[in-house]
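Notes to accompany the following structure.
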Amino acid sequence: MDNKDLAKKLFPNVKLTIEDIEKKYPPRDLAAGVPVTRVAPSPTGFMHIGGIFAALISERFSHQQNGIFYLRVEDTDKKREVEGAVELIIEAFKRYGLKINEGEIEIEKEIGAYGPYRQSHRAEIYQTVVKYLFEQGLAYPCFCSPEQLEQIGQQQAEEKVRPGYYGQWAKCRENSNGKIAELIDQGAPFTIRFKSNGNFLNKITVNDLIKGKKILPENDLDIILLKSDGLPTYHFAHVVDDHFMRTTHVLRGDEWFSSLPLHLQIFAALNFQAPLFGHISPIQKIENNSRRKLSKRKDPEANVDYYQQDGYPEKAIIEYLLNLANSDFEDWRVENPEADNRQFVLRLEKINQSGALFDLVKLQDISKNMIAKMSAREATQAILLWVKKYDPSFAKIISSDKEYLERIFNIERGGDHQRKDIAKWSDVKNEFGCFYDEIFDNSSELLKQSLAGIDLILAQDFIKAFLEKYNH
Ligand code: GLU
């Protein structure tokens, strides 16, 4: 049985050819050099601040050159998927003002000609491409069970050799077409693996847009392209999607940097021109005098919800992240105090290669300045929106008289010496609580405590004298 016939047996449902797909998604009609970037989150229900950081970099990089920025939902890992997570992603990008030109702009409502933009809806595309690779002798079915793979891993650990499916360990690589056909007839489950032609001892040079020139070992792993459920792994989906969605610049998390040789190998096997890559180091924090990356498990501030709950204006977060991305943003802001931050030109080569350091005090500083610059009306509107969701009992108190609230916000607003005591909307209760009888605690118990040790008559005389002399 030749490869073509066996391919039909392996992929009985694939009706398209790779040429059909090329035709369906032609190169974009954009001038040379105009970037197409993307954000590709997985719907796990958790929006990491680093995800917004990477998305912001991609969005600004593309839009400052009149390019396209699109959203692709990477939902091929069905075990990790959380209900409602796609809504959360769409909502977060909207909230932070990241403008999406293509993709799901509302739940199950897509725009753009390069979709579907959810990977789970693209199974036919991946299967068509994997079938093509098989026909070319560049991919093969693997019938190893999870137990067999575990056994291989154990043996490699015992022999102290590099783990993975490669060389002599790639048991299914040399299966004959006859054997493959037989196993398929028996109904054996299989994955499809890449047939790597690489040699781990060779080195390749890559030019990363952020990290610069780097040397990495060539890939020799026969990684899984298509899982037994017919959905792709990240590595394969990345290559297929970024090619057919015509991405020009892949700006993504650093954790993918070591897989770059593999990705470049798959691009080459398919004769696809690889996009340019930039790998963004994770945001870090200092703990016990050493740096570590912001952790989803340990650090509440890793979750974007944290900033929402505390009531930081989204624009302050964006300005803070721009500041983390390019440290000269701060000088630019001083020189252009009123300008829209979209006018700042972000430079990939200026992004900190070893990871930006998260600094909550700095964020609060930026946020204080931003809130101080808002008009009393804007601030009133913003706090009312925030309390409605996050502090309903306070909302009841302050919503009844908006004019009064606005007057409070107007104290020392405008002019050169604005008050800068509010960094986030959750600070308002503390700072302005004294203007509300329901909050201001003037109970005699408290009075007694604060006047402890002071003669009551003396205090009364003092207050009387003060009131007589006081000139508002
Ligand atoms: N889904 C991948 C992630 O969340 C996307 C990486 C990429 O941008 O290519 O890490």
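Below are the figures for this structure:
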| item | result |
| --- | --- |
| Across the chain: Cys residues that no other cysteine approaches within a C-beta distance under 4.7 Å | C144, C434 |
| Solvent-accessible surface (1.4 angstrom probe) belonging to I397, in square angstrom, nearest 10 | 40 |
| Cβ crowding within 10 Å averaged over residues, with 205-215, 342-352 ranked highest first | 342-352, 205-215 |
| Unit charges at the beta carbon, dipole of the chain: most positive-side option, Q186, L209, M245 | Q186 |
| Extension reserve of the V82-N369 stretch, reckoned as 0.36 nm per residue once the Cα distance is removed | 99.6 nm |
| Violating pairs (Cα-Cα greater than 23 angstrom) within the set K15/K227; K368/K389; K94/K298; K171/K195; K195/K227 | K94/K298 |
| Cα centroid separation - region 214-267 against region 44-106, whole Å | 19 |
| Relative contact order, percent, region 179-238 [alpha-carbon distance under 8 Å, six or more residues apart] | 33 |
| Ordering of 319-329, 407-417 by packing [mean C-beta count within 10 Å, highest first] | 319-329, 407-417 |
| Per residue accessible area of region 240-399, 1.4 Å probe, in Å² | 47 |
| Protection proxy ranking, peptides 261-270, 303-312, average beta carbon neighbours within 10 Å, highest first | 261-270, 303-312 |
| All-pairs Cα distance distribution in region 1-44, expressed in whole percent, bin size 5 Å | 5, 14, 13, 13, 13, 15, 12, 11, 4, 0 |
| Electrostatic dipole magnitude of the chain [Cβ: Lys, Arg +1; Asp, Glu -1; Cα centre; debye, to 20] | 1000 |
| Contact order normalised by residue count of region 90-162, Cα under 8 Å, 6+ apart, percent | 13 |
| On Cα atoms only, tilt of 314-325 relative to the major axis of the chain in degrees | 60 |
| Assigned charges on the beta-carbon of Lys, Arg, Asp, Glu; region 349-472 dipole about Cα centre (debye) | 440 |
| Magnitude of the charge dipole, region 273-428, Cβ model with Lys/Arg +1 and Asp/Glu -1, debye to 20 | 540 |
| Helix 260-269 axis, angle to the chain major axis (alpha carbon atoms, nearest 10°) | 40 |
| Positive-end extreme of charge dipole, region 405-472 - chosen from A423, I408, F440 (charges on Cβ) | A423 |
| Length released on extending from Q168 to R95, taking residue separation times 0.36 nm less the Cα-Cα span | 21.1 nm |
| For region 160-196 and region 335-369, distance of Cα centres in Å | 50 |
| H417/L276 FRET efficiency (R0 56 Å; Cβ-Cβ; nearest 0.05) | 0.70 |
| Three-way shape call for region 382-455 based on the alpha-carbon gyration tensor, with the a/c threshold at 1.5 | oblate |
| Estimated [θ] at 222 nm from DSSP helical runs (n ≥ 4, -39500 (n - 2.57)) normalised by residues in the chain, nearest 500 | -12000 deg cm²/dmol |
| Helix 234-244 axis, angle to the chain major axis (alpha carbon atoms, nearest 10°) | 90 |
| Region 336-472 shape via C-alpha gyration tensor axes, a/c threshold 1.5 | prolate |
| Cα gyration tensor, region 147-278 - rounded (a/c under 1.5), prolate or oblate | oblate |
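The values are calculated or read from the model by the stated rules, or taken from the named source; none is laboratory data. Computed from a prediction, not measured in an experiment: that's the story for all the values here. Using ideal geometry, Cβ is built from the backbone for each residue, glycine included, and neighbour counts are taken over all protein chains shown. For the accessible areas, the whole protein counts, side chains as well, though only heavy atoms, and no ligand, DNA or RNA atoms are used. Shrake-Rupley method; radii C 1.70, N 1.55, O 1.52, S 1.80 Å.
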